[in-house]
Amino acid sequence: MNLLIGVPLYLAPFLVGLGRWRRDRHSAASPQFLLSINVLLGWTGIGWLVAWWLAFRRTGPVTQLPVHGPWVGQTPSKPIWGPGSPSGATADPEPTWNRPNAIPWREPEQVKPPCPDCHGTGLMKCKPCDGRGTWWQPATTASGSATLVGCIPCNRSGKVQCTGRGPHG
């Protein structure tokens, strides 16, 4: 019964930090670091207090800025555009994102499908050698040796010029 109360109480800084970290990754130390501090140093008492501090310590930037009136943050003291602005730029009556594009719209060109035989590369598999280029001819006699034979139409490459229909390379 003591373990049912003692273990969760001992790991309470880790459990609280894990819950905070899962809601916001910058609201607490990483769970692995917090668990290691809690398990390795928590028995000293001071280590347990350090684990509590890590569970509530913020590790990243504040997610919300303070709001003052209609502006977020500080209200500007000078106009943003027009007379009296630092750049002297005039107010644009129409924002740039509402303007039509300078380049007129064109329908995309129809792309012809590539050749089904060579898939647009211009080379296809050699039919006499079935794309192998070379092969071993077995020995004709019991004491003979196998011979390496090369395909002449494809010049031992296994590929020939495509003669199929469709655009090539």
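Looking only at segment 116-137, decide whether some residue is of a type in the set (Ser, Thr, Tyr), at pLDDT below 75 and either over 30 Å from ARG165 (Cβ atoms) or part of a loop (DSSP other than H, G, I, E, B) (or both). No, segment 116-137 contains no residue that is of a type in the set (Ser, Thr, Tyr), at pLDDT below 75 and either over 30 Å from ARG165 (Cβ atoms) or part of a loop (DSSP other than H, G, I, E, B) (or both). Note on segment 8-59: residues that are in a loop (DSSP other than H, G, I, E, B) and either crowded, with 17+ Cβ neighbours inside 10 Å or hydrophobic (A, V, I, L, M, F, W, C) (or both) total 4.
The set of residues from segment 14-37 being among the polar types (S, T, N, Q) and closer than 11 Å to PHE56 by Cβ comprises just one member, SER27.
So which residues in segment 138-155 are assigned to a loop (DSSP other than H, G, I, E, B) and either in contact (Cβ under 8 Å) with a residue 60 or more places away in the chain or under 30 Å from ASP117 (Cα atoms) (or both)?
Residues satisfying the conditions are CYS151, ILE152, PRO153, CYS154, ASN155.
The values are calculated or read from the model by the stated rules, or taken from the named source; none is laboratory data. Values in this document were obtained by computation on a predicted structure and should not be read as measured data. Cβ atoms come from the backbone with ideal geometry, glycine included; neighbour counts cover every protein chain shown.
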